[in-house]
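Inspection log for the structure reproduced underneath, given as structure tokens.
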Amino acid sequence: MTDAYPVSLRGELTMPPSRGWWLLKWLLALPHYIIIIFLAVASLVVWLIALFAILFTGRFPRKLFEFNVGVMRWVWRVGFYSYGALGTDKYPPFSLKPDDDYPADLHVEYPEKLSRGLVLVKWWLLAIPHYIILVFFQGANAGNSRFPGLVHFLTIFAAFALLFTGKYPEEIFKLVIGMNRWSVRVCAYAGLMTDRYPPFRLWDD
């Protein structure tokens, strides 16, 4: 049996989510969206610094690593609350740190050593097959238009099911979490956080 992949994602469906609260979450999550813009810029700078650090030392500076994991965690919590899953009505914390009390979290194991050679190719060339899949999962920008992915279609379908029945379809929830899990693994790999190639599967080991 292979070791577990060093990137893990948790999303626990809060039962029952409010039937119609999801209609307002775009507004309620707005403060988080604004903060995430600044976090994304900072994360990109950290990624660039880490690329050179790994190239010359074979290590991702620990504090910078923890920051970028924290950004991924923040984005995932907001996505889980809003239209990346609509899995809870509990408002996301304004924090980069783990929170066992919140129903969504993620963890990336810190690598003591990373390949200096892979750092030059894994985030673009090696990850291309996964990027193609993620376009279907998460959508993409084309010119001035944004095309939603399967995650968003399934989430909105679940939202209407919730609105009319009071239940979030369990199988749809599993698919949404699986697609987000796949996406987070690819983000960690392209983010230079691991040398292990992401598996082509939705589920954990």
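None of the figures in this text is laboratory data; all of them are computed from the coordinates on show. Worth saying up front: this structure is predicted, and the values here are computed from it rather than measured. Please note: Cβ atoms are built from the backbone with ideal geometry, for glycine as well, and neighbour counts cover all protein chains shown.
When the Gaussian network model of the chain links Cα atoms closer than 10 Å, the mean-square fluctuations of Asp99, Asp195, Asp89 top out at Asp99.
This model, with +1 at the C-beta of Lys and Arg and -1 at the C-beta of Asp and Glu, gives the range 99-191 a dipole about its Cα centre of some 500 debye. Both the radius of gyration and Dmax for the range 1-146 are 17.1, 53 Å, in that order, over alpha-carbon atoms. For the chain, the longest piece that avoids every one of the chymotrypsin sites (Phe, Trp or Tyr not before Pro) found in DSSP loops with at most 11 other C-beta atoms within 10 Å covers 95-199. In the range 66-205, a dipole from Cβ-located charges (positive for Lys and Arg, negative for Asp and Glu) runs towards its positive end, and of Ile133, Gly70, Phe164 it is Ile133 whose Cα lies farthest in that direction.
Note: relative contact order over the chain, using C-alpha pairs below 8 Å and six or more positions apart, is 30 percent. Could you work out which residue, out of Gly70, Gly87, Gly20, moves most in a Gaussian network model of the chain, that is, has the largest mean-square fluctuation with Cα springs under 10 Å? Comparing Gly70, Gly87, Gly20 in a Gaussian network model of the chain, the most mobile one is Gly20. The charge dipole of the range 6-97, taken about the Cα centre with unit charges on the Cβ atoms of Lys, Arg (+1) and Asp, Glu (-1), comes to about 160 debye, rounded to the nearest 20. Straightening the chain between Ala140 and Lys97 buys 12.6 nm, computed as 0.36 nm per residue apart minus the Cα-Cα spacing. For the range 107-177, the set of trypsin sites (Lys or Arg not before Pro) satisfying both a DSSP loop assignment and a count of at most 13 other C-beta atoms within 10 Å is given as Lys113, Arg116, Lys167. Among the trypsin sites (Lys or Arg not before Pro) within the range 1-105, not one is in coil by DSSP while having at most 11 neighbouring Cβ atoms inside 10 Å. The charge dipole of the chain, taken about the Cα centre with unit charges on the Cβ atoms of Lys, Arg (+1) and Asp, Glu (-1), comes to about 440 debye, rounded to the nearest 20. Helix 170-190 and the longest principal axis of the Cα set of the chain meet at an angle near 20°. Residues considered: Ile172, Ile128, Ile36. Largest GNM mean-square fluctuation over the chain, using C-alpha springs under 10 Å, is found at Ile128. Kindly state, to the nearest 0.05, the FRET efficiency for Leu24 paired with Glu66, given R0 = 25 Å and r defined as their beta-carbon distance. It comes out at approximately 0.15.
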